């Protein structure tokens with residue numbers, strides 16, 4: 001099972017970031033090092049800061065799965081089905097929402 005610290009390190013290294021680059025007020029390079037080494041469990045606020053710095057969700061750091069992406073994908077599928085069955089006015093509005101959801105998925109990937 002991959003722990004938060006290992007996932008943090010893998011994500012940081014994949015983005016070619018140093019611990020110093022990822023650090024922020026209250027989240028020092030030493031703190032990041034201890035989390036990555038499994039010596040420290042990060043506080044929720046620190047997780048939020050780290051996730052934002054890495055461009056991922058807190059859920060991803062905690063679980064390895066991005067629950068937001070999964071929910072958006074399911075919503076896009078449902079919207080596509082509704083769009084096919086709806087009258088033209090509703091279909092146009094649903095299409096607009098689907099486009100925004102797809103854009104969010106693309107930007108977050």
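Since every read-out is calculated from the coordinates, none of them should be taken as a lab result. None of these values were measured; they are calculated from a predicted model. Backbone-built Cβ (ideal geometry, glycine too); neighbour counts: all protein chains shown.
Annotations for the structure displayed:
- Nearest 10 degrees, 0 to 90: helix 88-108 Cα axis against the chain principal axis: 20 degrees
- Förster radius 22 Å - calculated FRET efficiency between residue 14 and residue 105 (Cβ-Cβ, nearest 0.05): 0.70
- Value at 222 nm in deg cm²/dmol, rounded to 500, when DSSP H runs of n ≥ 4 in the chain each add -39,500 (n - 2.57): -22500 deg cm²/dmol
- Given (i) 63, 29, 17; (ii) 58, 27, 23; (iii) 37, 26, 24, the label whose value is Cα extents along the principal axes in Å derived from this model: (ii)
- Two-site FRET efficiency, residue 62 against residue 93, from Cβ-Cβ distance with R₀ of 41 Å, rounded to 0.05: 0.75
- In degrees, nearest ten, helix 67-85 long axis to first principal axis of the chain (Cα): 10 degrees
- Extent of the range 67-108 along its three principal axes (Cα atoms, max minus min coordinate, largest first): 31, 15, 9 Å.
- Axis of helix 4-14 versus longest Cα principal axis of the chain: the two differ by about 80°, to the nearest ten degrees.
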